[in-house]
1. Let me confirm something: among Glu58, Glu33, which residue is within 18 Å of the chain's Cα centre (by Cα), assigned to a helix (DSSP H, G or I) and either free of Cβ contacts under 8 Å to residues at least 60 places away in the same chain or exposed (fewer than 10 other Cβ atoms within 10 Å of the Cβ) (or both)?
2. Go through (1) part of a helix (DSSP H, G or I); (2) loosely packed, with under 11 Cβ neighbours inside 10 Å for Ala20 and report which single condition fails.
Amino acid sequence: MARVLISMPESFLGKIDEVADMESRSRSELIREALRTYIAKSQVRKTGLADKNARILEALLD
């Protein structure tokens, strides 16, 4: 597995650690899941935008 170095405010890191502790998992595991969720939501938004654009184009061509 690759390692990534990121910078963030101490207060934000503290919040991440609180959530990780409450959920009994590592900081890395929590951040990986957050990024997977972000990527999945981003793909859904792209699909929704593509569908919307297709409907607009179809309406223009009718």
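Each reported figure results from applying straightforward, stated rules to the coordinates on display, with no laboratory input. All figures in this text were calculated on a predicted structure; none of them were measured in a lab. All Cβ positions, glycine included, derive from the backbone under ideal geometry; neighbour counts span all protein chains shown.
1. Glu33
2. Single failed check for Ala20: (2).
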